[in-house]
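Okay, so here's the structure we're looking at.
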Amino acid sequence: MSELSFTLGELASHVQARLIGDADVVISGLGSLATARVGEISHLSSAGYRKYLANTQASAVIMKDADLQRGSGNARVVANPYLGFAKGSQLFAQLPELEVGVDPTARVHELAVIDPDAAVGPGVVVGADARVEAGVRLDANSVVGERCLIQRDALLMPHAVLYADVSLGARSIVHSGAVIGSDGFGFTPDESGRLQPIAQLGGVKVGADVSIGAGTSIDRGAITDTVIEDGVKIDNQVQIGHNCRIGAHSILCGCVGIAGSVTIGKHCVLAGGVGVGGDGEIELVDGVVLSAATVVLSSITEPGIYSGGVLHNATTRWKRNAIRFQELDRLNRRVATLEKLLRETMRDDDV
Amino acid sequence: MSELSFTLGELASHVQARLIGDADVVISGLGSLATARVGEISHLSSAGYRKYLANTQASAVIMKDADLQRGSGNARVVANPYLGFAKGSQLFAQLPELEVGVDPTARVHELAVIDPDAAVGPGVVVGADARVEAGVRLDANSVVGERCLIQRDALLMPHAVLYADVSLGARSIVHSGAVIGSDGFGFTPDESGRLQPIAQLGGVKVGADVSIGAGTSIDRGAITDTVIEDGVKIDNQVQIGHNCRIGAHSILCGCVGIAGSVTIGKHCVLAGGVGVGGDGEIELVDGVVLSAATVVLSSITEPGIYSGGVLHNATTRWKRNAIRFQELDRLNRRVATLEKLLRETMRDDDV
Amino acid sequence: MSELSFTLGELASHVQARLIGDADVVISGLGSLATARVGEISHLSSAGYRKYLANTQASAVIMKDADLQRGSGNARVVANPYLGFAKGSQLFAQLPELEVGVDPTARVHELAVIDPDAAVGPGVVVGADARVEAGVRLDANSVVGERCLIQRDALLMPHAVLYADVSLGARSIVHSGAVIGSDGFGFTPDESGRLQPIAQLGGVKVGADVSIGAGTSIDRGAITDTVIEDGVKIDNQVQIGHNCRIGAHSILCGCVGIAGSVTIGKHCVLAGGVGVGGDGEIELVDGVVLSAATVVLSSITEPGIYSGGVLHNATTRWKRNAIRFQELDRLNRRVATLEKLLRETMRDDDV
């Protein structure tokens, strides 16, 4: 898609890395070591890829110092390879065109304040008292509720929706179909068994450099705000309940579901399909890693790697085991009985 | 966010509760007993919060009769505390501004009927033969398909989508990104292994006082309608397949997934991440509670609380146990063999 | 909803089936054998429904040759009953009205090419260099990014979003709220622990006759494309990560989550709530069936039916078993000890 290109010298300087080779080589794209073509830059991040180094067509390879003696005549960029590749890739990222200014089909409330350097796309709706700072892009048909604050260079992709009272930090991105600030889920039965809503009067505070994936929803707080701290990366189809706090630089992968009033620490990683929630308030300390599809129903007080769930199996075999799971406690007691009997038997034998 | 305020007398009267204290105190917000400020009302709903009662700054506390002898000089509102708090909170709820009438950027089909007391927001699209009753609000960019019926005071939040042939009951709310009436998922392979769709010709009937969360999807029926009965509360990211019936006043928490042709009884509670479905039609009777992440593959015929899944654990420990699960049936047989052998051994000993 | 009708002769000819009975009978709808009314056609696909055959009100029944001797005087259409029913149902499917041409409220970039036989609905936004072929329908408020290609007779339902560089094959349908081409989820920590994005420079290629459900998201590739092959059917709320390949004619039911770089073979079936992903690249061969809520963390190299998870149970009983699961490896060792002791005891007895 891209027609951008850079010299290797420009690229190495952007990555802040040492260059071994011709600084004038033109790099017009990125590639995997195995499949990269001439004019592309690649990276050697894991040992399993070393075998591709000798024959790669890549015009340059980002690698660490220790790998420098390997391989052939292409140029080398000496850096943390995957981080260098990430930074290099950002040079080639291209956002869709969106002109600065307010598209004539957008509907901006007269009490909203849009910085003249912001871009408000077609069909966008901005509510009263919202503030949109410089460099912000509100893409097609996105909606910004009343009293929202969208800070510098933040980005709403098409169809992102912010309810009222959401603040979005600088450089944060909200992907299409994501909804921030929807009502927290709180009801209590009345005398007749009908469910009465608890009005959700808080908002949502999203920090800087946060990414929020497609179709993800983050509820507003009941009284105080739901908080997503700086640098948090949230994938698609994630659900975050009211009054959660997600600690800085944590990663929430696709399909994660977090109930209300859960606190996740900083630098946590929740792999795909993880669920966290339970009775009362639950807290995960900093540095907790949860592997895919783990369900956590209680607080975790020590950093570390945690898992849950059951491995897949041929259905006939799984079924037999799953049925036995229903009697696992009884099995345990049967074993305890056997242990007792055998101990007695052996004692008798001794006598 | 709110600048609303009420006297304590007004509030007690709204909650239909007895007031002990000064009816003229002005209440401008709600707060938790531990953190409420002067001018706020709080509630004492669980024993764990009693310790905050003596020192709370709240100007009034909703509590039950039995707790009246506790605490200090603030005013008391005598009621079911959490229900009273819920009703009180509703006084402070504020919907975003939306003017009655049809926004000039909305596209309403000439055969649609919009009550003059309804509000149709910017970018909204309404199809032929749709009927929108008084007090309804269709917020920014929402879409109402052909032949839909939106009953009094119902509310579509921005970007809610109703396909054709959906009826939405009075006072129901559909949050942003929710889709109601999408095609049920029905395919059958033809002679060549290609999947032929079964056309989905039913609609969706949603009752009164229903809440449908952000990003939730509810499919239309194949022949007859999918039905959501009165008072059902559905959280975000929930999936409900075609021809389901969800019984009145049931609660479906976030990330619940329900396959096609499932019937859920009345006053059921499905906690977050629950899945229900299987071969053929599945039914859960009234009053079934499923705890978080439980998977139900067969009907449940007795009311009660049901659970499933596996607890989290440190990964190294989990892995050893998960591997043993794959041999659980064999373990069971090993224990049975031991029991038999030991019985025989002991019989021999007796002889 | 439908006012369409066909003669039984037309219907049998459409289904390419033999007709026994009056070809002039008017069929105006479809029904289940148990509840169909006069004027409707039904099908006898499973033995369990044979009991309804004698008294069904259906004017015609699709059944297989072997069932012909059963039942009463209604007309018969001899075919694979469920496939015949599917094909018959398609006659009654009606899309909402959408006029050919570009709605005046749509925003089409001057460098986009729209076939004069395509329909571009209200509020639709089409980016630069996009190409929209004949017979395509872009329904209300949908968004088509730059350089997208929408092939003949494809269909975007209201609020579907395609990011830049997505191609959608002929006759494919994207339901409301679905997002195709959102950024893949790739980050790596920099020296300070902040997460740097890997720019996602690939696109998404969706084949012909694909169905993509409401609220589903499919990420663009990091370098190369994410690929959905011909005839794949994807239900609602599904998440597909970057650089996945989903093989032709596979079925992904609701709430399935697939991590990045997963390859699913052809003719696979992933039931509701299935999760697939893990470290590195994972591959499922052709013909793999995964039952509901199964989590797959490693490749599957043999076709077959696989399952995972734990069955539901009354909570008190489940809890006892779930706690024992945490000690399953130890239980196994206890049994091994018992086996050893008993072997020794019996050997001693023999002596």
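The values are calculated or read from the model by the stated rules, or taken from the named source; none is laboratory data. For clarity, every value in this text was computed on a predicted model and none was experimentally measured. Methodologically, a virtual Cβ is constructed for each residue, glycine included, from the backbone with ideal geometry; neighbour enumeration extends over all protein chains shown. Only protein heavy atoms, including side chains, enter the accessible area calculation; ligands, DNA and RNA are left aside. Shrake-Rupley method; radii C 1.70, N 1.55, O 1.52, S 1.80 Å.
Restricting attention to the stretch C:253-267, the residues that are within 14 Å of chain A (Cβ to nearest Cβ), surrounded by fewer than 24 Cβ atoms within 10 Å (Cβ to Cβ) and without any contact (Cβ under 8 Å) to a residue 40 or more places away in the chain add up to 2.
Within the stretch B:329-337, the presence of a residue that is of a type outside the set (Gly, Ala, Ser) and away from chain A (no Cβ under 11 Å) is excluded.
Being assigned to a loop (DSSP other than H, G, I, E, B) and in contact with a helix residue (DSSP H, G or I) (Cβ under 9 Å, 6 or more places away or on another chain) is the filter; apply it to the stretch C:187-198 and report the residue that is surrounded by the most Cβ atoms within 10 Å (Cβ to Cβ). Ranking the qualifying residues of the stretch C:187-198, first place goes to C:Ile198.
Out of curiosity, is B:Asp286 farther than 21 Å from C:Gly309 by Cβ and open to solvent by less than 30 Å² (accessible area, probe 1.4 Å)? Talk me through it step by step, then tell me what you get.
Details: farther than 21 Å from C:Gly309 by Cβ: yes; open to solvent by less than 30 Å² (accessible area, probe 1.4 Å): no.
No, not satisfied.
The condition of being buried (at least 20 other Cβ atoms within 10 Å of the Cβ) and not acidic (Asp, Glu) holds for only one of C:Gly84, C:Gly48, that being C:Gly84. Per the conditions (1) touching a Pro at 6+ places or on another chain (Cβ under 6 Å); (2) over 23 Å from B:Cys253 (Cα atoms), the sole criterion not satisfied by B:Arg152 is (1). Can you tell me which residue among B:Ala336, B:Ala293 is of a type in the set (Gly, Ala, Ser) and either in contact with a Phe, Trp or Tyr (Cβ under 7 Å, 6 or more places away or on another chain) or buried (at least 21 other Cβ atoms within 10 Å of the Cβ) (or both)? Within the list B:Ala336, B:Ala293, the selection yields B:Ala293.
In the stretch C:275-288, which residues are within 12 Å of chain A (Cβ to nearest Cβ) and touching a Cys at 6+ places or on another chain (Cβ under 8 Å)? Show your work before the answer.
Of the stretch C:275-288, the ones within 12 Å of chain A (Cβ to nearest Cβ) are C:275-282, C:284, C:288.
Of everything in the stretch C:275-288, those that are within 12 Å of chain A (Cβ to nearest Cβ) and touching a Cys at 6+ places or on another chain (Cβ under 8 Å) turn out to be C:Gly275, C:Leu284, C:Val288.
Taken over the stretch C:173-204, the criterion of being closer than 17 Å to C:Leu98 by Cα and either in contact (Cβ under 8 Å) with a residue 60 or more places away in the chain or more than 7 Å from every other protein chain (Cβ to nearest Cβ) (or both) is satisfied by C:Ile173, C:Val174, C:His175.
Considering the conditions (1) out of contact with any Ser or Thr (no Cβ under 7 Å at 6 or more places or on another chain); (2) under 19 Å from A:Gly273 (Cα atoms), B:Val238 is excluded by exactly one of them, (1). Would you call A:Gly272 surrounded by 24 or more Cβ atoms within 10 Å (Cβ to Cβ) and more than 9 Å from chain B (Cβ to nearest Cβ)? For A:Gly272, the condition - surrounded by 24 or more Cβ atoms within 10 Å (Cβ to Cβ) and more than 9 Å from chain B (Cβ to nearest Cβ) - is met.
Taking the criterion of being out of contact with any Gly (no Cβ under 6 Å at 6 or more places or on another chain), facing chain A (nearest Cβ under 9 Å) and open to solvent by less than 10 Å² (accessible area, probe 1.4 Å), would at least one residue in the stretch B:311-323 satisfy it? For the stretch B:311-323, residues out of contact with any Gly (no Cβ under 6 Å at 6 or more places or on another chain), facing chain A (nearest Cβ under 9 Å) and open to solvent by less than 10 Å² (accessible area, probe 1.4 Å): present.
Taken over the stretch A:6-50, residues that are within 14 Å of chain C (Cβ to nearest Cβ) and either part of a strand (DSSP E or B) or within 29 Å of the chain's Cα centre (by Cα) (or both) amount to 25. A:Val296 fulfils the conditions (1) out of contact with any His (no Cβ under 8 Å at 6 or more places or on another chain); (2) at the interface with another protein chain (Cβ under 9 Å from one of its Cβ atoms) except for a single criterion, (1).
Considering the conditions (1) open to solvent by less than 50 Å² (accessible area, probe 1.4 Å); (2) under 26 Å from B:Gly186 (Cα atoms), C:Gly278 is excluded by exactly one of them, (2).
Take A:Lys205 and tell me if it is touching a Pro at 6+ places or on another chain (Cβ under 9 Å), basic (Lys, Arg), at pLDDT 95 or above and closer than 25 Å to A:Ser299 by Cβ. Before the answer, list the steps.
Values: touching a Pro at 6+ places or on another chain (Cβ under 9 Å): no; basic (Lys, Arg): yes; at pLDDT 95 or above: yes; closer than 25 Å to A:Ser299 by Cβ: yes.
No: the conditions fail for A:Lys205.
Here are some residues: A:Val78, A:Val120, A:Val113, A:Val102. Which one is farther than 30 Å from B:Glu99 by Cβ and either out of contact with any strand residue (DSSP E or B) (no Cβ under 8 Å at 6 or more places or on another chain) or of a type in the set (A, V, I, L, M, F, W, C) (or both)? Quick ask: steps written out before the conclusion?
Details: A:Val120 fails: farther than 30 Å from B:Glu99 by Cβ; A:Val113 fails: farther than 30 Å from B:Glu99 by Cβ; A:Val102 fails: farther than 30 Å from B:Glu99 by Cβ.
Residue meeting the stated conditions: A:Val78.
Of the numbered criteria (1) assigned to a helix (DSSP H, G or I); (2) exposed (fewer than 13 other Cβ atoms within 10 Å of the Cβ), the one C:Asn55 fails is (1). Being of a type in the set (Ser, Thr, Tyr), open to solvent by less than 10 Å² (accessible area, probe 1.4 Å) and more than 18 Å from B:Gly213 (Cα to Cα) is true of A:Ser250.
If you check B:Gly135, B:Gly123, B:Gly177 for being surrounded by fewer than 19 Cβ atoms within 10 Å (Cβ to Cβ) and in a loop (DSSP other than H, G, I, E, B), only one passes: B:Gly135. The residue that is farthest from the chain's Cα centre (by Cα), counting only those in the stretch B:205-219 that are surrounded by fewer than 24 Cβ atoms within 10 Å (Cβ to Cβ) and of a type in the set (D, E, K, R), is B:Lys205. Once the stretch C:87-117 is narrowed to residues that are assigned to a loop (DSSP other than H, G, I, E, B) and among the polar types (S, T, N, Q), the residue that is surrounded by the fewest Cβ atoms within 10 Å (Cβ to Cβ) is C:Gln94.
Restricting attention to the stretch B:145-169 and to residues that are assigned to a loop (DSSP other than H, G, I, E, B), open to solvent by less than 20 Å² (accessible area, probe 1.4 Å) and more than 12 Å from every other protein chain (Cβ to nearest Cβ), the residue that is nearest to B:Glu229 (Cα to Cα) turns out to be B:Gly169.
For residues that are more than 10 Å from chain C (Cβ to nearest Cβ) and open to solvent by less than 10 Å² (accessible area, probe 1.4 Å), scanning just the stretch A:221-238, find the one that is nearest to A:Pro158 (Cα to Cα).
Start the filter on the stretch A:221-238 by keeping residues that are more than 10 Å from chain C (Cβ to nearest Cβ), which leaves A:221-229.
Narrowing the set further to residues that are open to solvent by less than 10 Å² (accessible area, probe 1.4 Å) leaves A:221, A:226, A:228.
Numbers: A:Gly221: 25, A:Thr226: 23, A:Ile228: 21 Å.
The selected residue is A:Ile228.
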